[in-house]
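To start, the structure itself, in structure tokens.
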Amino acid sequence: MRDTAQKAVHLAEGMGASYADCRVVQRESEFISVKNGEVEELASGDDLGLGVRVIVDGGWGFASTNRLSSAGVEDCVRRAGEIAASGARVRKKPVRLADEPAHVDSWERPVEVDPFEVDDAAKLDLLTRSSRAMMQQGVAVARAVLVFSRDTQVFANSEGSLIRQVLTESGGSLYALAVGRGNTQVRTYPCTVWHDIQGKGWEAIQQRDLLGNAPRVASEAVQLLSARPCPEMVTDVIIAPNELALQIHESIGHAVEADRILGHEADFAGTSFISPDMVGDFRYGSEKVNVFADPTLPGSRTSFKYDDEGVKTRRVDIINEGKLVGLTTSRETAFELGLGRSGGCMRANNYDHIPLVRMPNVSLAPGDVSFEELIASTEEGILLDQNRSWSIDDRRLNFQFGSEVGWLIEDGEIGEMVRDPIYADMTPDFWAKCDAIADEDDWRVIGYACGKGTPSQDGRVAHGCSHARFSGVKVGAKER
Amino acid sequence: MMGKQEMKSMAEAGLKEAGEYSAEVHLSSALYELTRFADGQIHQNISMDGLNVTACLYDGRRSGRVHLSAATTDRVRQAVQQAAEKLRYADEGPKRPMPLAEQGYCEEDPPGFDEEVVRRGTQWRAQAVEAAVKEVESRGPRAYGRAITEVTERLSMNTSGLLSYAPRTRCDLVVATIRDTGYSCSERHAYSLSDIDVKETAQESAAGCNRARDPKELEPQEYPVVLLPYAAADLFSFVGRLGANSQAVLEGRSFMSDSLGQQVISEGISLWDDAFDRRGRPIPFDAEGVKKQPVTIIEGGVAVSPVYNQTTGAQQGVPSTGHSPVGSAFAAGGGSPQAVPQNLFVAGGEDTVADMIADTSLGLLVTSLHYTRTVEPKEVVVTGMTRNGTFLIREGEVVGPVRNLRFTDSYLRILNDVTHLGQQGMNCSQGVGSVHVPAMRVGSMRFTEKTDF
């Protein structure tokens, strides 16, 4: 892999590239799904290929291939160079990159139990028993899923970097669908559709106790069929981490991506209400709100030592006591915005896709009250758990989120279950309403995936948070 | 391009490794190229080339599936060997018969393939982007967007005699425009370069952007709405994906689960899937290698039929209609639990957009819908935003742009009150599928929120 990466970089330099990098990636993957006690999918994958980025005549070219013969690699580098040069007539200024030292290193994400060493029979047994434990009356679909992957990747660039990283991840989830007349209800655990993938081994699956949670998940889905719709009200909302992670993702994470701010996604996902001049000045939320991006946090699916353009990662503060102080960046966008070093946020979906600015553990820092105190100090409100639908405008301002379930809170106690809760707000108004955040004991990192870019990349993201309360939020049910 | 013979040889070598098992091999070769621009300058130039294989092995109700990137025959063999290894551990799953024989579509003139895309895709992208940027900037706005060309070859083969092969091309042009507070976007999606008029696309986007500047705030409420094809496509895409997906029907989460044969939307509306209609984005066989059949989903407002793949067809006791979804060209297929229509068509009517506006005393003209997500699948309740130009209509005239609004509503309810249907359909991209749909006017759509732009 190392020889191939270095060869591609040398070829690109020989063709006149002023900068070149190459990632060679091998991805092993496994996906197992059991539905209603029967195997739905037992699949594995093994991808191996390379992606080459070049700057020729001041413009980018990227090419990828899984044809790894000498001819295949040469053709790939040639294509990258040719398409970079073909864009010369639509170029106003040359690409410039923020400085980054050359790194020669090797790093492996720590794993206690290699998930690929656990045999299929044990995995199927866990899923089959979990699925069957959800097959209660009223449940139409009882699905249990395990997903694993390991990337072994080598990065080389024309500035002398040569980096090898091994990134293993593991996820697993439960899904129960209950169907009534004109009413379908879903409960999932621990995370909606992305299986809460963690940068860990089989131990991540053992820690989440799928089998132990299965009866509860199913029974709550059935209970929701007869629950009353969430009442229309303006109230205090406490959002559970598995839902709040997506709220952070959509209304902070994307809004502070430098490529969106520069219009690189204007033709597809959209832009941002943030402009570069707002950094250091704009009040994003209440003083309780502290947000950072930190790929060095251990155990997450976005924990890594170097990003996909060879930048050594570090913590970058995004929001300090409610004030916007930073952005997520790449070498190109950091230079263009005059931000100094890249924040180390560039990640590609696999060898075949171009790296994009992503959200490496963009997280809401813990607060200073326990979860129990958070509930006890809420006179009237609603506790929302698990996202069911999410939508936000193309500048990341107006959003509406729906949850799987809500529990009304009265006089500091969790009470009645309600179905189909949704809440909506404008991003800065919403974060200004954050008046309490649960402490470190309640804080955890949730693994998500994110569609971004063209062609769309199902990128790996993760967000840390604990339960947080927002005062005076408009909530209702889907019928509103 | 590899050609049928080379791909077939690779697949045959793989199938020989299947031993006593039934086996299928799906190969996909693709060259996807993209030129993307922002503020009049190219910022991404991408060329993705790959050959991938998926091998599926069956032994009664047990199965194993392996996906490999596969540049060589040895890798195809390896995929089959690994699938056999998987199968040995597998417990039983749902019954899923394999397609049995040659599927018999025309290989001499494959639908959805234009040799010109192979010959001059790179040149076309560079020229299209340059021309679009010049056209837009000469009219005031800044230009953003992308030009895409793609050439794929797919081959499916199994131990029961199936052999399906098809080359396919794709070309897309998206021109987004921004001028202070004005936004717009125009798109063209086709399989042939000659079907994309670069200048017209850029002019439409620039003109829309100039009209959309300085939008006024408007209170969200229920309004009659004229939906341009980009917006209308979203409604039918959801109705197709959530409603006509036979897995959803079988699980009870589709409106078709209990309304087949009943009126579900306005009686003037017919929706069908036809993967051979060259006005759309043709694709002759599905991810399982089954020839695609035309399926009437809704006729005269009445729910007629969902679409099926091998598994859902077997569960329902009907043949597959060839609707195992074909995903990215870099996924080699091999089936999915879902069965989804990807080549939707909506019958046109007799009205023009001018008629629709003239017949509206107070309402909205909506260009596109953005970030639409399912709130409740059975009633097709969806939330999303308007985008790329929203305009207020008063007394039969467009009086000016308004800020974008959020809606949360049942698409079935909205489509149950279609008052006007446009004459000309337009092919609109929806994920990995397409919807050929005219503009239409609906009696009401529930807007619930507003935003700042």
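Listed values, structure above:
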read-out	value
Of all residues in segment B:260-292 being within 14 Å of chain A (Cβ to nearest Cβ) and open to solvent by 10 Å² or more (accessible area, probe 1.4 Å), the one that is farthest from B:Cys428 (Cα to Cα)	B:Gln262
Residue match in segment A:238-257 (condition: out of contact with any Lys or Arg (no Cβ under 7 Å at 6 or more places or on another chain), open to solvent by 20 Å² or more (accessible area, probe 1.4 Å) and not assigned by TED's automatic domain parsing to the domain that holds A:Gln165)	no
Segment B:32-80 - residue that is touching a Phe, Trp or Tyr at 6+ places or on another chain (Cβ under 7 Å) and more than 9 Å from chain A (Cβ to nearest Cβ) and, of those, modelled with the highest pLDDT	B:Leu57
Residues (within 13 Å of A:Arg143 (Cβ to Cβ) and either surrounded by fewer than 18 Cβ atoms within 10 Å (Cβ to Cβ) or of a type outside the set (S, T, N, Q) (or both)) located in segment A:183-226	A:Val186, A:Arg187, A:Tyr189, A:Val193, A:His195, A:Leu210, A:Ala214, A:Val217, A:Ala218, A:Ala221
Residues (touching a strand residue (DSSP E or B) at 6+ places or on another chain (Cβ under 8 Å), buried (at least 22 other Cβ atoms within 10 Å of the Cβ) and part of a loop (DSSP other than H, G, I, E, B)) located in segment B:293-315	B:Pro306
Residue in segment A:436-472 that is farthest from A:Asp196 (Cα to Cα), counting only those that are among the hydroxyl-bearing types (Ser, Thr, Tyr) and in a strand (DSSP E or B)	A:Ser471
Residues of segment A:1-22 that turn out to be in a loop (DSSP other than H, G, I, E, B) and over 30 Å from the mean Cα position of the chain (by Cα), as a count	4
Qualifying positions in segment A:136-148 - touching a Pro at 6+ places or on another chain (Cβ under 9 Å) and crowded, with 22+ Cβ neighbours inside 10 Å	A:Leu146, A:Phe148
Filter result (open to solvent by less than 10 Å² (accessible area, probe 1.4 Å) and touching a residue at least 12 places away in the same chain (Cβ under 8 Å)) within segment A:376-393	A:Thr378, A:Gly381, A:Ile382, A:Leu384, A:Gln386, A:Asn387, A:Ser389, A:Ile392, A:Asp393
Looking only at segment B:92-115, and only at residues there that are open to solvent by 70 Å² or more (accessible area, probe 1.4 Å), in a loop (DSSP other than H, G, I, E, B) and more than 15 Å from B:Phe276 (Cβ to Cβ), the one that is modelled with the highest pLDDT	B:Glu92
Residues being open to solvent by 10 Å² or more (accessible area, probe 1.4 Å) and assigned to a strand (DSSP E or B) - total across segment A:404-435	12
Residue list for segment B:342-388, filter: acidic (Asp, Glu) and open to solvent by 10 Å² or more (accessible area, probe 1.4 Å)	B:Glu350, B:Asp351, B:Asp355, B:Asp359, B:Glu379
Output for segment A:76-85, where each listed residue is facing another protein chain (nearest Cβ under 8 Å) and over 32 Å from the mean Cα position of the chain (by Cα)	A:Glu82
Single unsatisfied condition, A:Ala88 versus (1) more than 8 Å from chain B (Cβ to nearest Cβ); (2) within 24 Å of B:Ser28 (Cα to Cα); (3) without any contact (Cβ under 8 Å) to a residue 40 or more places away in the chain; (4) touching an Asp or Glu at 6+ places or on another chain (Cβ under 7 Å)	(2)
Segment A:156-165 - residue that is touching a Phe, Trp or Tyr at 6+ places or on another chain (Cβ under 9 Å) and open to solvent by less than 10 Å² (accessible area, probe 1.4 Å) and, of those, farthest from A:Asn387 (Cα to Cα)	A:Ser161
Residues satisfying the stated conditions in segment A:266-306, i.e. more than 14 Å from chain B (Cβ to nearest Cβ) and among the charged types (D, E, K, R)	A:Asp277, A:Asp281, A:Arg283, A:Glu287, A:Lys288, A:Asp294, A:Arg301, A:Lys305
Leading residue by the ranking (nearest to the other protein chains (Cβ to nearest Cβ)) among those in segment A:40-54 that are of a type in the set (A, V, I, L, M, F, W, C) and open to solvent by less than 10 Å² (accessible area, probe 1.4 Å)	A:Leu42
Any hit, segment B:42-59, residues being among the small types (Gly, Ala, Ser) and farther than 26 Å from A:Cys76 by Cβ	no
When residues of segment A:23-61 are limited to those that are under 24 Å from the mean Cα position of the chain (by Cα) and hydrophobic (A, V, I, L, M, F, W, C), the one modelled with the lowest pLDDT	A:Ala43
Of all residues making up segment A:106-120, the number that are at pLDDT 95 or above and part of a loop (DSSP other than H, G, I, E, B)	7
Residue match in segment B:230-238 (condition: outside any helix (DSSP H, G or I) and either within 14 Å of another protein chain (Cβ to nearest Cβ) or modelled with pLDDT of 95 or more (or both))	no
Strands (runs of 3 or more DSSP E) contained entirely in segment B:1-80, each with at least 3 residues that are charged (D, E, K, R)	B:22-38
Sole residue being touching a Lys or Arg at 6+ places or on another chain (Cβ under 6 Å) and either among the acidic types (Asp, Glu) or assigned by TED's automatic domain parsing to the domain that holds A:Gly381 (or both), chosen from A:Val234, A:Val217	A:Val234
Residue in segment A:98-120 that is within 9 Å of another protein chain (Cβ to nearest Cβ) and on the phi < 0 side of the Ramachandran plot present	yes
Condition met for A:Gly180 (at pLDDT below 95 and either touching a Leu at 6+ places or on another chain (Cβ under 9 Å) or surrounded by 19 or more Cβ atoms within 10 Å (Cβ to Cβ) (or both))	yes
For A:Pro360: the one exception among (1) within 14 Å of chain B (Cβ to nearest Cβ); (2) modelled with pLDDT under 95	(1)
A:Ala63 being among the aliphatic types (A, V, I, L, M) and either open to solvent by 30 Å² or more (accessible area, probe 1.4 Å) or in contact with a Ser or Thr (Cβ under 6 Å, 6 or more places away or on another chain) (or both)	yes
Some residue of segment B:55-72 being over 24 Å from B:Ser320 (Cα atoms) and open to solvent by 20 Å² or more (accessible area, probe 1.4 Å)	yes
Any hit, segment A:148-164, residues being more than 20 Å from A:Ile354 (Cα to Cα) and within 28 Å of the chain's Cα centre (by Cα)	yes
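The values are calculated or read from the model by the stated rules, or taken from the named source; none is laboratory data. Keep in mind that what you see is a predicted model, and the values were worked out from it rather than measured. In this analysis, Cβ positions are derived from the backbone assuming ideal geometry, glycine residues included, and neighbour counts consider all displayed protein chains. Note: areas computed on protein heavy atoms with side chains; ligands, DNA, RNA excluded. Shrake-Rupley method; radii C 1.70, N 1.55, O 1.52, S 1.80 Å.
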